[in-house]
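The values are calculated or read from the model by the stated rules, or taken from the named source; none is laboratory data. The model shown is predicted, which means the values in this text are computed figures rather than measured ones. We place every Cβ from the backbone using ideal geometry, glycine too, and count neighbours over all the protein chains shown.
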């Protein structure tokens, strides 16, 4: 496929993220308002994206957009490319395997958008999986005390809130990502209510204190799959 301009790439990512959030594509006016251009400008960009093979407009309706190469350009809450949408396999689901996530020292995540993992529907307690559920491969042993080991697959429900006891995937200062237990207002630092504690369960790793405004919760751990 042909290369995209920066504006075309941003419009494509907006369409994909809007569709993942709302369940349908944005209208021409919504795209125009987001990028502060007129509807004719949006039409021109969509025509270019269609000629380059990235989108398809199925009819004349304002929301009739389909992304053809969604895996490469859709950006998710982890800040990386999310793969093909979750697929219902009848007795199970195929989840996108989106990244390696460090259970050690926080580092930038490694994109693996071309991989997926099949999971039985029983894993979800008899309910149904949601589009906001992904799998990530654990790298490191800082959470070994919670039986989370290097190479495990962590099932993450993408959300921005968590309970005090939850193990979460967090992004630090918009760059580093790690899997830790999140403690708000650490008891051993009562003078610093602005801090959050990223607590490992392996005593060989140190707890990290981070200003709350530098921490973004991107998902909560709901399960672990281990290869034997």
Subject >> Every residue from the stretch 35-53 that is within 15 Å of residue 14 (Cα to Cα) and either in contact with a strand residue (DSSP E or B) (Cβ under 7 Å, 6 or more places away or on another chain) or in contact (Cβ under 8 Å) with a residue 60 or more places away in the chain (or both) >> reply: 46, 49
Subject >> Residue identified as in the same structural domain as residue 137 (by TED's automatic domain parsing), modelled with pLDDT of 85 or more and farther than 23 Å from residue 133 by Cβ among 198, 209, 153 >> reply: 209
Original post:
Got a number for residues in the stretch 23-38 being out of contact with any helix residue (DSSP H, G or I) (no Cβ under 6 Å at 6 or more places or on another chain), surrounded by 15 or more Cβ atoms within 10 Å (Cβ to Cβ) and within 18 Å of residue 56 (Cβ to Cβ)?
Top reply: 1
